Amino acid sequence: MTHDLIVLAIGGNSLVRDSGHVRFQDQWFLARDTCRHVGALVEAGHRVVVTHGNGPQVGLILRRSELARGEVEAETLDEADADTQGELGYMIQQSLDNEFARRGLPQRAVALVTQVEVSSTSPAFTRPTKPVGAFMDEATARARARTEGWVVGEDAGRGWRRLVPSPEPVAVVEIEAVRTLVAAGFVVIAAGGGGIPVVRAPSGDLHGVEAVIDKDAASALVATSLSATRFVITTAVERVAVHFRTPDERWLDRVSLAEARRYLADGHFAEGSMAPKIRAVIRYLEAGGREALVTSPDALSEALEGRAGTRFVRV
């Protein structure tokens, strides 16, 4: 048995492959497939905390709210995050437990509804940039801005959408519960979708806010808070590349912290794709983390053995 603690961040797209596979049956299939790889890590002796994205799932909730407008009250973003933590946590928890049983392992999974605190004075609240919800034409978007108080903007030439704040995570509210559950031998599913965004009032009370926390940034905070020995992000590619999809494309095996900073500053990683992942890796290493990996789910075990993926280290 090793004593490694791995924080494993899986994307929301690990459960929704594309717009043609959004049914719950499709998500169940992908959840089971993803959990096969997690089961292999646990069987190898690693302790694991799983975090996950929820972008496609929150998008579906917001779309349902749009279609039911005038009939039922729309969900706020913090409520939608809570919904997806329950829904996806259930899928991952059951899939992991079934996988552990198939492998004859004693471990069990537990999904924890997790709040993540952000600062009420974050500049993000004055400059909303994260597109959410359905696409609209400009006239509809401006009308909704007037009636709903939304900030709206064009999204990469594809149409107009609502824009919401994306503040930096500052604390994981339930981190001690996560720590206790890990120590008791559970595989914990936490901080789904970047966590439910909350702010703390002067009284000390917590209140949900309409915002989106980057799931990779929140996952890095979980890894740092738990002093995880490894922070692992799974994505669609087996390794990270510079000059991606150009004649000079080069896949990376090992990257130092200084190199990661330079590649990010030089614009090698696209926003909305690899850039948030590299930024999260940098934060984890800067906070004292030992090693981070970016790889595909299928290559996960090989990456942990040093035979696949991109490995990030401080020096």
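Tabulated values for the structure
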| item | result |
| --- | --- |
| Where GluC sites (Glu not before Pro) in DSSP loops with at most 11 other Cβ within 10 Å are excluded, longest remaining stretch of the chain | 74-248 |
| Cα gyration tensor shape of region 97-249, rounded if a/c is under 1.5, else prolate or oblate by comparing a/b with b/c | oblate |
| Phi-based couplings in Hz for region 101-115 (Karplus 6.51, -1.76, 1.60; Gly and Pro marked x) | 5, 4, 8, x, 8, x, 5, 10, 9, 9, 9, 10, 5, 10, 9 |
| Separation in nanometres of the label points that stand 7 Å from Cα toward Cβ, at ARG314 and SER256 | 1.4 |
| Under 5 Å, built H, 5+ apart or other chain: amide partners of ALA308 | ALA303 |
| Linear extension gain, GLU138 paired with ALA275, 0.36 nm per residue minus alpha-carbon span | 46.5 nm |
| Distant-in-sequence amide H partners of ALA111 (H built 1.01 Å from N, under 5 Å) | ILE189 |
| Acute angle (nearest 10 degrees) that the helix 55-67 long axis makes with the longest principal axis of the chain, alpha-carbon atoms | 20 |
| Per-peptide average of other Cβ atoms within 10 Å, ordering 179-185, 196-202 highest first | 196-202, 179-185 |
| Cα gyration tensor, region 240-315 - rounded (a/c under 1.5), prolate or oblate | oblate |
| Other-chain or far-sequence residues with amide H under 5 Å of VAL164's (modelled H) | THR129, LYS130, VAL132 |
| Segment ALA287-ALA101, length gained on full extension (0.36 nm per residue, minus Cα span) | 63.3 nm |
| Loop-located trypsin sites (Lys or Arg not before Pro) in region 70-137 whose Cβ has at most 16 other Cβ within 10 Å (DSSP) | ARG103, ARG108 |
| Contour excess over end-to-end distance, with Cα ends at THR180 and ARG245 and 0.36 nm allotted per residue | 19.0 nm |
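No value in this document is a laboratory result; all are computed from the given coordinates. Predicted model, so just to flag it, every value in this text is computed and none were measured. FYI the Cβ positions are ideal-geometry reconstructions off the backbone, even for glycines, and counts take in every protein chain you see.
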